1. Starting with the fewest neighbours, write out B:Ile125, A:Ile61, B:Ile187 ranked by other beta-carbon atoms found within 10 Å of each beta-carbon.
2. Excluding residues fewer than 8 places away in the same chain, name every one of the aspartates and glutamates whose C-alpha is closer than 14 Å to that of A:Lys128.
3. For chain B, what's the relative contact order in percent, using C-alpha pairs closer than 8 Å and at least 6 residues apart?
4. Can you put B:His422, B:His92, A:His65 in order, fewest other beta carbons within 10 Å first?
5. In peptide B:280-289, how many Cβ atoms from other protein chains are near each Cβ within 10 Å, on average?
6. Starting from the amide H of B:Val211, placed 1.01 Å from N in the peptide plane, find each other amide H under 5 Å away whose residue is 5 or more places distant or on another chain.
7. Counting DSSP beta bridges with both partners in chain B, what percentage is antiparallel, nearest 5?
8. List every DSSP H helix in chain B whose Cα atoms extend 30 Å or more along the helix's own long axis and whose mean Kyte-Doolittle hydropathy is at least 1.0.
Amino acid sequence: MTHTPVRLVTIVRSPGVDVLTRNNVTIIGTGRPIIFAHGFGCSQDMWRLVAPHFAADYQVILFDHVGSGGSDLSAYRPGTYDSLDGYADDLVEIVEELDLTDAIFVGHSVGSIIGLLAANQIPSRFSKLVLVGPSARYVDAEGYTGGFSQTDIDALLDSLDGNYFGWSRTIAPVIMGVPEQPELAEELTDSFCSTNPTIARHFARVTFLSDNRRDLDDVSVPTLVIQASDDVIAPMPVGQYVADHIADSTLVVLQVSGHCAHLSAPDEVVTAITAFLE
Amino acid sequence: MSDEPRHPAADLNAPDPNAPDLNAHDLNAHARFEALFDHAPFGYLITDSDDVIVRANATFSAMTGLDASALVGSQFRELLPAGFQLLYETRHLPVLRLKGYVEEVFFDLVTADGTVLPVLVNAVIDGAEVRIGVLAAANRVSYEQQLLSTQRTAESLAARVTVLQDASSAFAGGTSEKGIAVSLASILEEMLVASDACVALVDPAGSLDVVAGTNALDGLIEGDQHLLGTTVVANGTPVVVHATDEDAAEFPAVVAGLRKARLQTVVVFPMTNDSTTIGVAAAFFRRGRDLVASEVEVVLALARQASQVLTRMRAQEQLAYAALHDQLTGLANRASIRSSIALSLASPRRLSVMFLDLDGFKLVNDQLGHHVGDAILQEVATRLRTSVRGGDIVGRYGGDEFVVICDGTDGDAAESVAARIHDEIRAGFAEADGFPISASIGIAVYEGTAPMATDAIIGAADAAMYESKRLGRDRTTRVDL
């Protein structure tokens, strides 16, 4: 069936909600806006090695998805965030609240899909999309290889259970013998990627069981796909699929290992984004 | 990616036999450290910045059944099942890189014979290397998972009890149909973790009217198409529609609507009181949902509870209506007429009260029967309603006697209303062809000056009506009080 990005149901934009507080929006510098969206498992901290490179020439905008980092956890309604559209609606609200135009969006992993959905809602406000390690669907389907099975996703949820059991325990700083790190750094870094375990579990389910293949067809904004050469979460064919199904897109493959190129090879990511923006 | 060359595995896995100039003491110390490393009471690995294992101790080899040559050169991630690789890549490695260390992370390791070994991992970044400590944790993990599972069950039961308690108090405290419907919609939305929910009630015309919540499928629950809602009302059983090609065959418009609204599932529940379905409650989901039987039961019970309250509320409304209205004509009854007049008289302003008695009605009743008589009275009621002005009140005082209350109206204006009534009644009645029927009317006009009793003004209008009868019927007599 042909799929239209136009919503027939009018979403009432949360009246009276301070979206900038809700999503812990951070703004650095001035100029053409560039928005960074993090993926599952972390927060805007993920961009700390990449985003500052753009602060001299751009208005850098960072935010946390509701449920992650410094976002307002009380804004979390599981029914609303039961699909990536809930997160995309928030991003639309941020862009409209800041009245951004000609905006560049840079998203990692599921954050890239969230940005893509937001751009499909309000394409006129975006001029470029950069998708780092995107996957339109993680679970294999007929004629499509996402790399994972439903059983794998169930195992992920089990793994979250095992890990977040002691979530509240790890809030209290436990000093470990890391001589390089002074205590101040310890305090500052302790909140990295903080995530409410219940919300993380739901976000994991929504993220890894999402199917956004149809949405790729609706992308009208010029798009760069940054693909790591060795990424088990979003392997090469998955990135290739995303690039193939977005009309105006470019695929750049970085010779890096792992799913978080912006952490393991930030300079290469900065170079690729800069080249795309020029 | 690191530009540093990886450590040659052979250099690290064993003391180099060709190492020059080591004295016996050094060799002894070196061997002790090697033994300490290899036989530490936990698995110990070193990886490079690309997660490739460059060194693993004997304890880790024993845990996994993989000897050093199998481990070195492969990525640590490869030892994990796919589900845990997701966590490793999306959370563990980012936190490790940002924070410099992680501790007590739980993973499953796949061992050489394919069995799964739950472990706890601490990792520290040291320059270009990562040091990883691995502790077998099968017992602790299974214990914690049992605790977690028990805790979840308890929380889920507690949440369900809370929902039922909240519902009971919301329904018991509800004072309007809308209030009950709003409560049911919000309880459903919260309990089922739906993106939206709505409640639609069958209106007197028999169609569904959304009275609370958000109907994310405009026109599909209510409205002309009557697709889902009326199906549920007719069958009295819940219907689930997913945005899938299978369901599109049966509910094409619903599935198209779901896709346009970016929803995956809609569930519509009947609101049934005994055997009567008085409405539906619908829940909308952004992700595909299949409700379990116990969830459906709870929702149906809540919907039944809401239906009972609504039905009781409607019965009370009907009683209240009956107390103030004439059953045959639906006009205000005597009690209602008297209280309306009393209310008007409470403030000092003009009031005209019209008393009307039909002429020729007794003959119709006697010769054509009460059945025809009742039909005439109903028709008269209709004609009175169309003859009076917007603010006037029409009532049946008893038998073939009617009262029209014209609040704030002087005698002349009341007389023009009366003139229209005369015309309407004189027009004849199809049910009583050949029987002349007309109206004798008396109007009492009160100027709002001196205090006036309800009985006095009704009595005056009644007396004026008799004067009209005496003067030959089919006319109006006016008395200014």
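Rule-based calculations on the coordinates, nothing more; no lab input. No experiment lies behind these values; they were computed from the predicted model shown. Every residue, glycine as well, gets a Cβ built from its backbone with ideal geometry; the counts of neighbours run over all protein chains shown.
1. So the residues, fewest neighbours to most, are B:Ile125, B:Ile187, A:Ile61.
2. Straight-distance partners of A:Lys128: A:Asp102, A:Asp248, A:Glu278.
3. 8
4. Fewest to most other Cβ atoms nearby, the residues stand as B:His422, B:His92, A:His65.
5. 3
6. Placed amide hydrogens put B:Val199, B:Ala200, B:Leu201 under 5 Å from B:Val211.
7. Bridges in chain B are about 90 percent antiparallel.
8. none
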